[in-house]
Amino acid sequence: MNNSQTVIYAGIAMLVALLVSAVATGFLIPFLKKHQFEQAIRDFGPQSHLKKIGTPSMGGIAIVLGVIVSTLIVTACVGQLTVNVLVALFVMVCYAAIGFADDYKKAIQKKSDGLSAKKKLLFQFLACILFAFYCYFVNGKNFTGVAPGAIWIPYFNVSLNLGIFYIPWIVFIMIAFSNSVNLTDGLDGLASGVTAIVTLSMAIAAAAFRFMDLPVVFGAFCGGCLGFILYNHYPAKIFMGDTGSMAIGGGIAAVAIMMKLEFLLGIAGLIYVIESLSVIIQVSYFKATHGKRIFRMSPIHHHFELGGMKETKVVLMFYCFTVVMCLIMMLGVR
């Protein structure tokens, strides 16, 4: 199988996932409304978001379903249903389950707080520690000439061997990235649109590195998000909730890590990192100065909203930024 074939198969996976996700989302909206699985809006969030109260959440179920169905069908048909593909889907489902538990608790209690931060981190740690061991002891041995505990640094085309410390490195990347995507999911169509752009570019990049199986998973993520955004664009008829954002963050991070392309993912998905850093900076500065703020509100997309930008313009600006970063990321493809 050559590069162009891999891109074609990733494209087919995208189309299948788009169809499955779109159909599933259409069925989910009335079901979630009937059972009152609705989005709880934060009391301290932008006042303009109060009109979104009552919008059904947990729409990420459709994205997860689209990714699973599409990936299994396409990889099985082309003979690329590998252990790595199954591991990637398993990690995604584990993170989706954590998000679902959080969303379910919010829906039952009708509050914006779900699982406690400690419980979330504990479950995320348990989900990714086994994956980290798999990457070090099993998957890492699949790269000829590259140590199992090595990370690849793009642009310079060098690898750095972390040894056994590769395991905590993976745990850090997984937890940080999943929570960063979760923070990005704050405006209609933002996380789903950004992720569609990022995963499309990563599928092309992965194919250029001659990977055969995992580019299809990236393609499926792209399609799953595109199918969902048909209902999630402004004004959103449904939100992905933590079920979707956690699954996306954990899933695409796992796929990138297994190909040792986590730095490229960090570049393409820099908007996720910026969103997360804005929260860290805001909280740290607030505590250090006893009440002063750098941003009007964090994550940073709310900063622009409160500055007078329409929600749709903020989302479009973040899309454009992501496209630029994806083009820059492609420069690191050898």
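The values are calculated or read from the model by the stated rules, or taken from the named source; none is laboratory data. Computed from a predicted model, the values in this text were never measured in an experiment. Note that each Cβ is placed from the backbone with ideal geometry, even for glycine, and that neighbours are counted across all protein chains shown. What goes into the accessible areas is simple: the full protein's heavy atoms, side chains included, and nothing from ligands, DNA or RNA. Shrake-Rupley method; radii C 1.70, N 1.55, O 1.52, S 1.80 Å.
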Would you work out the relative contact order for the stretch 182-274, in percent, from Cα pairs under 8 angstrom that are 6 or more residues apart?
-> 37
Neighbour net charge for G193 - beta-carbon separation under 13 angstrom, K R +1, D E -1 | -3
Lys and Arg at +1, Asp and Glu at -1: neighbours of F125 with Cβ under 12 Å from its Cβ sum to +3
Under a GNM of the chain (C-alpha, springs under 10 Å), which listed residue has the highest mean-square fluctuation: S21, S284, S57?
-> S284
Extent along principal axes [Cα atoms of the chain; Å; largest to smallest] = 54, 48, 35
Relative contact order (percent) for the chain, with alpha-carbon contacts under 8 angstrom and 6 or more residues of separation?
-> 28
Taking alpha-carbon centroids only, the stretch 230-272 lies from the stretch 284-313 a number of Å equal to 22
Find out how many positive minus negative residues lie around G251, taking Lys and Arg as positive, Asp and Glu as negative, among other residues whose Cβ is under 15 Å from that of G251.
-> -4
Per GNM of the chain with C-alpha springs under 10 angstrom, the most fluctuating residue out of V138, V93, V216 is V138
Calculate what fraction, in whole %, of the accessible area of the chain sits on carbon and sulfur atoms when a 1.4 Å probe is rolled over the protein chains.
-> 70
Could you check which residue among G163, G186, G269 shows the biggest mean-square fluctuation in a GNM of the chain with a 10 Å Cα cutoff?
-> G163
May I ask which of K52/K120; K120/K310; K33/K106; K106/K237 have a Cα-Cα span longer than 22 Å here?
-> K52/K120; K120/K310
If each of N157 and H290 carries a label point 7 Å out from its Cα toward its Cβ, how far apart are those two points in nm?
-> 5.6
In Å³ and rounded to a whole number, note down the convex hull volume per residue for the Cα atoms of the stretch 255-334.
-> 100
Scan of the chain for chymotrypsin sites (Phe, Trp or Tyr not before Pro) in DSSP loops with at most 10 other beta-carbon atoms within 10 Å gives a longest site-free stretch of 157-334
What does the helix-only formula give at 222 nm for the chain: each DSSP H stretch with n ≥ 4 adding -39500 (n - 2.57), the total divided by the residues, and the result rounded to the nearest 500 deg cm²/dmol?
-> -23000 deg cm²/dmol
